[in-house]
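Structure first, commentary second.
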Amino acid sequence: MDRSFAKHLRRNSTDAEHKLWQALRSRQLGNMKFRRQVPVGPYIVDFVCPAAKLVIEIDGGQHAKDIDYDRRRSEFLAGKGYRVIRFWNNEVLGNLDGVYQAIELALREE
């Protein structure tokens, strides 16, 4: 995967991605390190916690049409040992506390 494209995505994050990154960065959640817009195989994941093998995807409206692509992507990541959790943009923007709690729970289930 092209790392320059991942860098482009980091610089041009959506409002929801930016808001969640502010809550995850600098080991703010359970002292776990998260990275954003990271290549994993042929895909770039929104957020990943390598130690917990947890991928967090923030989905906009286009994902309602890309169900097969998202399924293949999630299957690939699961085959590499990652768990994938997904949130809609409006969940992050309107209920960050709930999203944060769901991520905390996923980290405890590792």
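Laid out as a table, the results:
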| read-out | value |
| --- | --- |
| Test: residue in region 82-99 that is of a type in the set (Asp, Glu), modelled with pLDDT of 95 or more and out of contact with any helix residue (DSSP H, G or I) (no Cβ under 8 Å at 6 or more places or on another chain) | yes |
| Whichever residue in region 22-68 is over 16 Å from GLN101 (Cα atoms) and of a type in the set (Val, Ile, Thr) and, among such residues, is modelled with the lowest pLDDT | ILE67 |
| Number of positions in region 11-34 that are surrounded by fewer than 19 Cβ atoms within 10 Å (Cβ to Cβ), touching a helix residue (DSSP H, G or I) at 6+ places or on another chain (Cβ under 7 Å) and outside any loop (DSSP other than H, G, I, E, B) | 3 |
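The values are calculated or read from the model by the stated rules, or taken from the named source; none is laboratory data. Remember, it's a predicted structure, so these values are computed and weren't measured experimentally. A quick note on method: Cβ atoms are made from the backbone with ideal geometry, for glycine too, and the neighbour counts reach across all protein chains shown.
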